[in-house]
Structure formats: C-alpha cells, structure tokens
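Before any comments, here is the structure.
The values are calculated or read from the model by the stated rules, or taken from the named source; none is laboratory data. As the structure is a computational prediction, the values presented were derived from the model and not from experiment. Reconstructed Cβ throughout: ideal geometry from the backbone, glycine too, with neighbour counts over all protein chains shown.
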Amino acid sequence: MAVSARLFARGGFDATSMRDIAGQAGMLAGSMYYHFPSKNDLIAAVYEEGVAEIDSAVDTALAGLDEPWPRLEAACVAHLKALLADSAHAAVMTADLSRLDPRLRRRLVTMRDGYERRFVELVAALPLAPGTDRALWRLQLLGALNWTPTWYRPGKKSPAAIARAVVGSLRPHIT
C-alpha cells in the first residue's frame, strides 16, 4: 500500500502500472491481482487508507473539546498534520479525480464526502453571521488546507500554525 501511494503520488494514477508497483514492492506483477482484482480497486484501497488515517487523527484531536471554534481549529490542525506527515498519501488524497473512470471517481468521492461530513457538522455549529453560505465557507476552508501540500516546505511554519492561520483568516472578527 505504501509503495502504491508513493508511486501514485509521483506519477499519477494513469502513469502508474500494476507492474511498476509490483516491481517496487518486490512482487511478481501477477501477484498484485491476488490482492487487488484491478488497479481501480488498488487506487480505492490506497485512498480509503488515507481517508481513514486523517479521520482517525481528527477524531483524536476532537476528543474532549466542546466549543465550536476550538473544535474546528483542532480538526483543521489534525487534518493538515495528517496531510503533510505523508506526502504520498497527501498527493493521493488531494489528487484531481476528474480524469478517473466515472465509477472509480464516484467511489472515491463517496469516501471523501463521508469524511467531509464531519466538517459540515463542525461548520454548522459555528456562530457565523446570518446569511453566511456555510457550504461555501467550508469549501474555502478545506480548499485552502488541501492545497497546502503543493506549496508547503518544512521549516518555516508548522502545519499547526498554518491550519490556525487559515481558520483565523476565515473567522469573523468582531470589532
């Protein structure tokens, strides 16, 4: 799975073959099909593993928090730390799905939407101004976080500092 994530991240889904993955994993190409009936099944498994990792990190971060803004901030910090901790999974999790086979795309979008439901709930609990389009607000937030792996370089700002800054920039300021 780790080899698959790394190769998908490096070359994309289309450019990575089952033979490439098997070779890097020290397996015979045909052996891959014993574990995964198709390349699409392997892509889905790698994607599902990435979603589960991020989901678990967010669950842990939210434990014991009750207030809406601290909950959202903790979820965003965990989300971004998980994305940046493993650049291969980050690339797979934030990949453009539009060019995939429609059935595979639906499968991955369903997984992504399941994970993002927690952000729907977190944003619903926020005291935002009346008339705020909460769906658009949430998509801006996740878009900013999910784009971070494309420009992030370790050393200047921590993932936690970046996540807090993103939330802070979208948080209404009362004067």
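General remarks:
- Top-ranked residue in segment 18-35 [being more than 30 Å from residue 78 (Cα to Cα) and touching a Leu at 6+ places or on another chain (Cβ under 9 Å); ranked as surrounded by the fewest Cβ atoms within 10 Å (Cβ to Cβ)]: 35
- A search for C-beta distances below 7 Å between a residue of segment 44-61 that is touching a residue at least 24 places away in the same chain (Cβ under 8 Å) and any residue that is of a type in the set (Phe, Trp, Tyr) and crowded, with 16+ Cβ neighbours inside 10 Å, counting only pairs 6+ apart in sequence or on different chains, returns 45/36; 46/8; 51/115; 54/115; 55/115.
- Hey, residue 5 assigned to a helix (DSSP H, G or I), in contact with a Lys or Arg (Cβ under 6 Å, 6 or more places away or on another chain) and small (Gly, Ala, Ser) or not: no
- Selection count where residues are of a type outside the set (A, V, I, L, M) and modelled with pLDDT of 90 or more, scope segment 20-44: 10
- Residue, nearest to residue 81 (Cα to Cα), within segment 36-52, restricted to residues that are surrounded by 13 or more Cβ atoms within 10 Å (Cβ to Cβ) and of a type outside the set (A, V, I, L, M, F, W, C): 50
- Taken over segment 127-156, the criterion of being of a type in the set (D, E, K, R) and either closer than 17 Å to residue 71 by Cα or modelled with pLDDT of 95 or more (or both) is satisfied by 133, 134, 138.
- Identity of the residue in segment 54-104, basic (Lys, Arg) and surrounded by fewer than 14 Cβ atoms within 10 Å (Cβ to Cβ), that ends up modelled with the lowest pLDDT: 99
- The set of residues from segment 105-149 being in a helix (DSSP H, G or I), without any contact (Cβ under 8 Å) to a residue 40 or more places away in the chain and of a type in the set (Ser, Thr, Tyr) comprises just one member, 110.
- Test for residue 174: is it at negative phi and at pLDDT below 95: yes
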